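This report concerns only the one structure given below.
Values quoted throughout were computed directly from the atomic coordinates according to the rules given, and no laboratory measurement underlies them. All figures in this text were calculated on a predicted structure; none of them were measured in a lab. Cβ placement follows ideal geometry from the backbone for every residue including glycine, while neighbour counts extend to all protein chains displayed.
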Amino acid sequence: MGRPKNLSFSLIAAIIGLMVAIQFQTVREPKVRDTRDTWQLREDLMKEKAMQSRLLLEIRSNEEKIAKYETERQQSKEEVLRETLAELKDEAGLAEVKGPGLSLSIEPAFNLIVEGDKAPSVSPDLLKRLLNELNMYGAKHVSVDGERVINTTVIRDINRVTKINNHPLNRFPIEVKVVVENGDAAEKLYNRMKVSTVAEDFFIDNLEVKVNRPVGDMVVPAYQDTIRIRYMESAKTDKGGDNG
């Protein structure tokens with residue numbers, strides 16, 4: 001019985017001694033303390049502030065780039081809309097057009113007029129035939145006596161006076177201006193109109209059609225009246241705002 005008690009006592013004493021040694025070592029070796037002086041701390045603080053300043057500058061720069069990209073994107077949309085609007089106006093005849101083309105002059109054929117004959121005039125049918133001929137041979141934009149010819153143009157006889165877009169054609173010469181796609185097209189149109197049989201139809205009514213040489217800067221004026229749109233309604237929109 002004596003030996004086991006001595007053994008237990010020795011083991012407990014060894015454990016207590018080990019714990020005292022560890023405690024003593026801990027007290028003897030204190031934790032490492034920050035030994036930097038005030039200037040070093042200030043220098044480190046300045047470095048941190050400088051880094052913070054650089055980060056703020058980068059954030060501001062990126063925000064400016066994003067704003068610039070957004071502005072450019074909006075401007076790009078506006079530019080596309082402006083170009084589309086210009087194209088639509090051009091196609092509808094609402095804009096002046098300048099380009100290669102030629103002009104024709106309709107005048108009385110005085111050598112065919114006999115004394116006592118009625119003064120010649122351009123009938124709606126003759127004018128329509130001439131315009132159809134021009135369109136068939138490549139005319140893109142046409143005006144008659146300063147009046148732009150568009151898809152809704154009406155040519156008719158009112159009280160024995162031919163009118164185009166409500167403009168009377170009662171004075172000679174009547175000038176027809178034509179703009180085509182390019183110079184080659186202008187030359188082809190000139191050659192075709194020189195041999196066209198439509199001139200013979202005008203001769204029957206004591207009128208002469210003169211075809212002038214092509215030029216590179218023919219100007220066709222814009223349509224001046226209001227275009228009235230019929231049978232068209234605004235598109236209905238869904239709740240989400242998209243067109244149905």
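By the count of neighbouring beta-carbon atoms within 10 Å, fewest first, Val142, Val154, Val178 end up ordered Val154, Val142, Val178. Looking at the range 81-176, which GluC sites (Glu not before Pro) are in a loop (DSSP not H, G, I, E or B) and have at most 16 other Cβ atoms within 10 Å? Taking the range 81-176 and a limit of 16 other Cβ atoms within 10 Å, the loop GluC sites (Glu not before Pro) found are Glu96, Glu115.
Among residues other than Asp157 with Cβ under 10 Å from its Cβ, the summed charge is +2 (Lys and Arg +1, Asp and Glu -1). Extent along the principal axes, Cα only, for the range 38-92: 80, 7, 5 Å, with the longest axis given first.
Computed from backbone phi with θ = phi - 60° and the Karplus coefficients 6.51, -1.76 and 1.60, the 3J(HN,Hα) list for the range 158-173 is 10, 6, 6, 10, 6, 10, 10, 6, 6, 9, x, 9, 10, 10, 10, x Hz; x is used for glycine and proline. Counting beta carbons within 10 Å around each of Thr84, Thr162, Thr153, Thr38 and listing the fewest first gives the order Thr38, Thr84, Thr153, Thr162.
Over all pairs of different C-alpha atoms in the range 97-220, the reciprocal of the mean inverse distance, the Kirkwood hydrodynamic radius, equals 14.7 Å. Where does the charge balance sit around Lys128 when Lys and Arg score +1, Asp and Glu -1, over other residues with C-beta under 12 Å from its C-beta? Around Lys128, the surrounding residues sum to -2. Taken one residue at a time, the phi angles of the range 47-62 give Karplus couplings (6.51, -1.76, 1.60, θ = phi - 60°) of 5, 5, 5, 5, 5, 4, 5, 4, 5, 5, 5, 5, 4, 5, 4, 5 Hz. Gly and Pro are set to x. For the range 126-171, taking the reciprocal of the average inverse distance between every pair of different Cα atoms yields a Kirkwood hydrodynamic radius of 11.1 Å.
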